[in-house]
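Reviewing the structure listed below.
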Amino acid sequence: MMGPRQEAQAALFYEFSLEEHVPQDHLLRSIDRFVDLDGIRSHLADFYSHTGRPSVDPELLIRMLIVGYCFGIRSERRLCEEVHLNLA
């Protein structure tokens, strides 16, 4: 049908900022300020194989372990669920 649309169309794309959704006083923000994991990949590069499936990023793995220790999560499966669900 020609002519102006009678109903408003929802935006096709929307802007999302993780910085706006995680509170500034969140525990993990405080930890992130003091934990520097920038060089961890180069230190652990010798332990990772170049063949086969790509492995888990060592920085991500250590960050996940820190989250597990801070929040008392003992199960790796539970930790993966929490990391998947929690934006922080």
Within the chain, which is the longest segment that contains none of the GluC sites (Glu not before Pro) sitting in a DSSP loop with at most 13 other Cβ atoms within 10 Å? 16-88
For the chain, dividing by residue count, accessible area per residue (probe 1.4 Å) in Å² works out to 95 Å²
Counting other C-beta atoms within 10 Å, and keeping those with at most 15, which DSSP coil chymotrypsin sites (Phe, Trp or Tyr not before Pro) do you find in the stretch 32-88? TYR48
Quick one: pull the percent of accessible area on the chain belonging to carbon and sulfur, 1.4 Å probe, ligands and nucleic acids left out. 57 percent
In debye, nearest 20: dipole of the chain around its Cα centre with unit charges on the Cβ of K, R (+) and D, E (-)? 300 debye
How charged is the neighbourhood of ALA45? Take every other residue with its Cβ under 15 Å from the Cβ of ALA45, and add Lys/Arg as +1 and Asp/Glu as -1. -3
Quick check for me: using +1 on Lys/Arg Cβ and -1 on Asp/Glu Cβ, what's the dipole size of the stretch 24-73 about its Cα centre, in debye to the nearest 20? 140 debye
What 222 nm value per residue comes from the helices of the chain, counting each DSSP H run with n ≥ 4 as -39,500 (n - 2.57) and dividing by all residues, nearest 500 deg cm²/dmol? -12500 deg cm²/dmol
Alpha carbon convex hull of the chain, volume per residue in cubic angstrom: 228 Å³
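The values are calculated or read from the model by the stated rules, or taken from the named source; none is laboratory data. Just so it is clear, the structure is predicted and the values come from calculations on it, not from any experiment. Backbone-built Cβ (ideal geometry, glycine too); neighbour counts: all protein chains shown. These area figures cover heavy atoms from the full protein model, side chains too; ligands, DNA and RNA do not enter into them. Shrake-Rupley method; radii C 1.70, N 1.55, O 1.52, S 1.80 Å.
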